[in-house]
Every structure is written in C-alpha cells, then in structure tokens.
Amino acid sequence: IEARDSAGEIYIEVKGLSGAAISVELTPNEYDKLRAHRERYVVFVVTGALTARPLAHVFRYDGATGEWLSTSGARLSF
C-alpha cells in the first residue's frame, strides 16, 4: 500500500499470521522494496488473525539498531 503522511510518501506492507510468533515471509519483490525504502516503510502484522482476539503490531525500521521494531519493542524477523 502506498500512502502519505506529513513527511511524504510511505509504503505499508500488511501481513496476517494465524499464530502468535512475529515472523513473516516476504516475496523477493517485497523484500527489495522494503530494503530500498526502509526509512519510509511500515510493516503492519496481525497475529492470531483467525482467532477471536487478533493483535495488531506496527513495525518501523530503527536505523540505530538496524532492526524492525514495534512501538512496544517487539522485533520483527523475516
């Protein structure tokens, strides 16, 4: 998804997972775009997507650590 915020264009990747583990697979194209635009990329992950209580996690790239972190401090693995 391409969108705009106050700083300009952002790219949003959405992934749904049936379990609670936060680990997603990306296509080669998704991965290339994510690496090329990581400062403007947001990865939105829903865990427990098939349950009565799904949880949303929003990840952004942290240039200081080189990791994808959520606001709660969770790390995203690819």
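The values are calculated or read from the model by the stated rules, or taken from the named source; none is laboratory data. Since the model is a prediction, treat every value here as computed from it, not as a measurement. With ideal geometry, Cβ positions are generated from the backbone for all residues, glycine too; neighbour counts draw on all protein chains shown. Ligands, DNA and RNA are stripped out before the accessible areas are found, and what is left, the full protein with its side chains, is counted by its heavy atoms. Shrake-Rupley method; radii C 1.70, N 1.55, O 1.52, S 1.80 Å.
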(request) Return yes or no: is Val45 surrounded by fewer than 16 Cβ atoms within 10 Å (Cβ to Cβ), in a strand (DSSP E or B) and out of contact with any helix residue (DSSP H, G or I) (no Cβ under 8 Å at 6 or more places or on another chain)? (result) no
(request) Would you check which residues across region 9-35 are assigned to a loop (DSSP other than H, G, I, E, B) and surrounded by 11 or more Cβ atoms within 10 Å (Cβ to Cβ) and list them? (result) Leu17, Ser18, Gly19, Ile22, Val24, Leu26
(request) Taking the residues in region 53-78 that are among the β-branched types (Val, Ile, Thr) and within 17 Å of Ile10 (Cβ to Cβ) as candidates, determine which candidate is most open to solvent (accessible area, probe 1.4 Å). (result) Thr71
(message) Among the residues of region 1-57, what is the count of those that are of a type in the set (Lys, Arg) and over 22 Å from Ser72 (Cα atoms)?
(response) 3
(request) Determine, yes or no, whether Glu39 is assigned to a helix (DSSP H, G or I), of a type in the set (Asp, Glu) and farther than 15 Å from Ser70 by Cβ. (result) yes
